[in-house]
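Below is one structure, written out as structure tokens; the observations come after it.
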Amino acid sequence: MKSSVRKQLFAAIAMVAGLALAPAQAQTQPTRAGAATAARPAQPQTPAQRMYGDIAPKFAEITDNVLYADIWERPGLSKRDRSLITVSALVAMNRPDQLRSHLQRARDNGLSEAELVEAITHLAFYGGWPNAVTAIAVAKEVFQKK
């Protein structure tokens, strides 16, 4: 097998398998017709791509394209309301890792720290006291970072 054909075959297999090409191979990418085209410049990564795109690229894609580009953009609720609902669900389910970023998003979407603390206090009676204790500790950490 000729060297150029072997390189194109390797590049095609690598693309299908989702493998990164070596820098020398990344300069060109084969097209369907077999002609080479210049590699495209890298797009800025989204938070989902940075957090788990390397291990779960489809999950990052779905997070970006379905959750944030579709669900969060639907007109039926404001982003502020969506944030309050999301924070409430994360508190009730005791999900502190996800709560951190959503508390910040809630502030960006117009909820005050006082409103978020009030929601957590209210949820203590519906979602459980230990969940609220955890959520208050996370909120304190997030609010101190301002």
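Screening the stretch 92-105 for residues that are outside any helix (DSSP H, G or I) and over 16 Å from the mean Cα position of the chain (by Cα) and picking the one that is farthest from V133 (Cα to Cα) gives M93. The number of residues in the stretch 20-44 being modelled with pLDDT under 65, assigned to a loop (DSSP other than H, G, I, E, B) and either under 30 Å from H102 (Cβ atoms) or of a type in the set (S, T, N, Q) (or both) comes to 1.
Restricting the stretch 106-120 to residues that are assigned to a helix (DSSP H, G or I) and either closer than 16 Å to L77 by Cβ or of a type in the set (D, E) (or both) leaves a set whose member that is least open to solvent (accessible area, probe 1.4 Å) is A106.
If you go through the stretch 65-93 and keep only what is under 14 Å from A119 (Cα atoms), surrounded by 15 or more Cβ atoms within 10 Å (Cβ to Cβ) and not aliphatic (A, V, I, L, M), you end up with R82, S83, T86, S88. Just wondering, is there one or more residues in the stretch 45-62 that are modelled with pLDDT under 95, in a loop (DSSP other than H, G, I, E, B), under 21 Å from the mean Cα position of the chain (by Cα) and closer than 30 Å to S112 by Cα? Looking through the stretch 45-62, at least one residue is modelled with pLDDT under 95, in a loop (DSSP other than H, G, I, E, B), under 21 Å from the mean Cα position of the chain (by Cα) and closer than 30 Å to S112 by Cα.
Hey, could you check the stretch 125-146 for residues that are under 25 Å from the mean Cα position of the chain (by Cα) and among the aliphatic types (A, V, I, L, M) and say which is surrounded by the most Cβ atoms within 10 Å (Cβ to Cβ)? Filtering the stretch 125-146 for residues that are under 25 Å from the mean Cα position of the chain (by Cα) and among the aliphatic types (A, V, I, L, M), the one surrounded by the most Cβ atoms within 10 Å (Cβ to Cβ) comes out as A135. Residue check: is I62 of a type in the set (V, I, T), closer than 23 Å to V142 by Cα and open to solvent by 70 Å² or more (accessible area, probe 1.4 Å)? Criteria not met by I62.
Residue pairs whose Cβ atoms lie under 9 Å apart, separated by 6 or more positions or on different chains, with the first residue in the stretch 63-87 and on the phi < 0 side of the Ramachandran plot and the second part of a loop (DSSP other than H, G, I, E, B) and among the β-branched types (V, I, T), are T63/T46; D64/T46; Y68/T46.
The values are calculated or read from the model by the stated rules, or taken from the named source; none is laboratory data. Since the structure is predicted, the reported quantities are computational estimates derived from the model, not experimental observations. FYI the Cβ positions are ideal-geometry reconstructions off the backbone, even for glycines, and counts take in every protein chain you see. With ligands, DNA and RNA removed, areas are computed over all heavy atoms of the protein, side chains included. Shrake-Rupley method; radii C 1.70, N 1.55, O 1.52, S 1.80 Å.
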